[in-house]
1. Under a Cβ-Cβ cut-off of 15 Å, what is the net charge of the residues other than Thr214 that fall near it, where Lys and Arg count +1 and Asp and Glu count -1?
2. What distance in nm separates the two pseudo spin-label positions at Arg244 and Asp126, each 7 Å out from Cα along the beta-carbon direction?
3. Along Cα→Cβ, 7 Å out, is where each label goes; now give me the distance between the ones at Met97 and Thr113 in nm to one decimal.
4. Looking at the square roots a ≥ b ≥ c of the eigenvalues of the Cα gyration tensor of the range 129-185, which shape do they give, rounded for a/c under 1.5, prolate if a/b is larger than b/c, or oblate?
5. Report the label-to-label distance for Glu189 and Gln171 in nanometres (one decimal), using points 7 Å from each Cα along the Cα→Cβ vector.
6. Using a ≥ b ≥ c from the Cα gyration tensor of the range 43-97 (square roots of the eigenvalues), is it rounded, prolate or oblate, where a/c under 1.5 gives rounded and otherwise the larger of a/b and b/c decides, a/b for prolate?
7. Among Arg240, Arg162, Arg232, what's the order by accessible area (1.4 angstrom probe), most exposed first?
8. Can you compute the charge dipole magnitude of the range 195-266 about its Cα centre, using +1 on each Lys and Arg Cβ and -1 on each Asp and Glu Cβ, nothing else charged? Give it in debye, rounded to the nearest 20.
Amino acid sequence: MPFYIPEITVGENSARSKGNSGGALAFGIIRVYNMFINFKEIIMFNILVVEDDAELNRLFCTVLRKNGYNPLGAADGEAALEIMAGEYVDLIISDIMMPRLDGFQLTQAIRQTDRTVPVLLITAKDSFGDKQKGFLSGADDYMVKPVDVEEMLLRVGALLRRAKFISEHRQTVGSTVLDYDSLTVKQGETETVLPQKEFYLLYKLLSAPGHIFTRQQLMDEIWGMETETEARTVDVHINRLRERFKDNGDFSIVTVRGLGYKAVKN
């Protein structure tokens, strides 16, 4: 759980009087520190863990908590919906085989009201049919038991980054405007509709100008961690983007040898 250090009340004579600058300084430091702690609480991601195996539920919650997340445990789909009615949830990790409301039904119910919250389904079955059913129900990713918790953390991080990147629907770089909903890049009177993966790639790079993204990071976030596409396909898309926007004076895509790519503002 997020931690909070209670604000220490310093007596008015010592904390606020003009004659005691040390007390006033201490009072100010305490208030600023508490503001910092409160800010940490705000930015923690709420991860809803839906698993009817109590031991596994505790394990997932413990691992998430130790890695800076705020886990919320639920024993089945109905309990999960009750939690979501009162708590904002950033991501859901859900088992499939559960009493009352299973993972497929839970995902379908969530997608009726929330199309963006990432859902990671976990199951004991490693069949294509189950995976297909999971993705068709609206899941974003899939893991098979026994779960490697380190891999789970990687997938959680990738899904959260992808969700953030998708939720910000418009970016402006100089006179260039990227519109996520229409997959368009507009500069002045010129508007270009890009193929989906090209747009996502450009949008991702421009979301953090100067930041270096490895090929694998871009593959995981845009093509998905389960893709069998070669990482070199990123190079092909980068070259297409460079050719399309070679006359754009607002940004450039730079190769960082041995690492990956970054976008820079011109």
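1. The answer is +2.
2. For Arg244 paired with Asp126, the spin-label model returns 3.8 nm.
3. Here the answer is 2.9 nm between the modelled labels.
4. In terms of gyration-tensor shape, oblate.
5. Roughly 2.8 nm, to one decimal.
6. Taking the square roots of the gyration eigenvalues as a ≥ b ≥ c, the range 43-97 is oblate.
7. Ranked from most to least accessible, the order is Arg232, Arg240, Arg162.
8. Roughly 320 debye for the range 195-266.
The values are calculated or read from the model by the stated rules, or taken from the named source; none is laboratory data. Not measured: the values here are computed from a predicted model. Cβ atoms come from the backbone with ideal geometry, glycine included; neighbour counts cover every protein chain shown. Quick note on the areas: whole protein, heavy atoms, side chains included, nothing else; ligands and nucleic acids left out. Shrake-Rupley method; radii C 1.70, N 1.55, O 1.52, S 1.80 Å.
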